[in-house]
Amino acid sequence: MATYLIGDIHGCYHELRHLLDKVSFNPAQDTLWLTGDLVARGPDSLEVLRFVKSLGASLKLVLGNHDLHLLGVFAKISRNKPRDKLNDLLNAPDADELINWLRRQPVLQVDEDRKIIMAHAGITPQWDLETAKMCAREVEAILSSDSYPLFINSMYGDLPNNWSPELSGLARLRFSTNALTRMRYCFPNGQLDMICKDKPQDAPTPLKPWFDLPSQLPEGYSIIFGHWASLEGKGTPDNVYALDTGCCWGGNLTCLRWEDKQYFTQSSLSAPK
């Protein structure tokens, strides 16, 4: 039995299947963890969703910002951008089934036995683990409810960018969603910066990658995240694993086998357009 963790797929279905074949993934006994952004930008979002949904109990995933964008497009709130290549998925006969399944997936995974925490963008240094779990449950509850279009309609925006337990309503949900699915940089006090997308060596002072600030998480836990392809899986502390390596941009799809910390990669099979 093995635990495989794979970075952002972004519709790169064939690369995903090649990578799983490379590691001899067996859904009857292995577990597959996915860092989110299953869809958009790559050519085969429909096939990715159909496949990962079929994995059932052997799958653990978190939603990413592009997955949430798909929910917004499906609810006719967000614009369907041609570069996201979502038309095949949106026009598929099983689109309703797939997308309604997707919106009921978590935004945070915690495995107490393996001491793994996974979120698409990471864990803000302003949260301890119990706060992260609580805020994730709140986002998951609204996404899985019939009121999810109301939330999606109010989800977009960069404020509030500072955590307070007194945050409530849509403002609290927006902060939590940004922290879990969009965050890259923070100010020294942990306040989110939602603008900078530069590589860490190019980021303006005083911004720091969220993982370079003191953490409130318990010792012994490891954080798995995606979202930040320009890191190329590099530059994080020993207990933080960046797995988005830009397959949809012509890079690799990266897999980490947890038991021995061995990496496997599959290069992009199609040049980005």
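For region 137-205, give the magnitude of the charge dipole about the Cα centre (Cβ charges: +1 Lys/Arg, -1 Asp/Glu; no others), in debye to the nearest 20.
Using Cβ point charges on Lys, Arg, Asp and Glu, region 137-205 gives about 120 debye.
Using DSSP, restrict attention to beta bridges with both residues in the chain and report what percent are antiparallel, rounded to the nearest 5.
Rounded to the nearest five, the antiparallel share is 55 percent.
For the chain, what does -39500 (n - 2.57) per DSSP helix run (n ≥ 4), summed and divided by total residues, give at 222 nm, in deg cm²/dmol to the nearest 500?
That calculation yields -8500 deg cm²/dmol at 222 nm.
Hey, rough spin-label estimate for GLU232 and ARG257, points 7 angstrom out along Cα→Cβ, what's it come to in nanometres?
If labels sit at GLU232 and ARG257, their model points lie 2.5 nm apart.
Which semi-axis lengths, in whole Å and largest first, follow from the square roots of five times the eigenvalues of the Cα gyration tensor of region 1-137?
Gyration-tensor ellipsoid for region 1-137: 24, 20, 12 Å.
Cross-chain or 8 or more residues apart, Cα under 13 Å: how many lysine pairs in the chain fit that? Count them up, please.
Final tally of qualifying lysine pairs is 4.
Over the chain, with every protein chain in place, what whole percent of the accessible area is carbon and sulfur at 1.4 Å, could you tell me?
48 percent
Note the direction-averaged projected area, equal to a quarter of the hull surface, for the Cα convex hull of region 225-273, in nm².
3.5 nm²
Please identify every one of the chymotrypsin sites (Phe, Trp or Tyr not before Pro) in region 70-128 that sits in a loop by DSSP and has no more than 13 other beta carbons within 10 Å of its own beta carbon.
Passing both the DSSP loop test and the Cβ count: no residue.
For LEU269 and SER144, compute 0.36 nm times the residue count separating them, minus their Cα-Cα distance, and round to one decimal in nm.
Taking LEU269 through SER144 to full extension adds about 41.6 nm, to one decimal.
So if we plug the beta-carbon distance of LEU59 and THR205 into 1/(1 + (r/R0)^6) with R0 = 51 Å, what FRET efficiency do we get, rounded to 0.05?
0.80
On a full-extension model of 0.36 nm per residue, what is the gain between LYS115 and GLU219, subtracting their alpha-carbon distance, rounded to one decimal in nm?
36.5 nm
Rounded to the nearest 10 Å², what accessible area does ARG257 have for a 1.4 Å probe in the complete protein model?
Surface accessible to solvent at ARG257 totals approximately 50 Å².
The values are calculated or read from the model by the stated rules, or taken from the named source; none is laboratory data. This one's a predicted model, so the numbers in the text were calculated from it and none came from an experiment. Please note: Cβ atoms are built from the backbone with ideal geometry, for glycine as well, and neighbour counts cover all protein chains shown. The accessibility values were calculated without ligands, DNA or RNA, using every heavy atom of the protein model including side chains. Shrake-Rupley method; radii C 1.70, N 1.55, O 1.52, S 1.80 Å.
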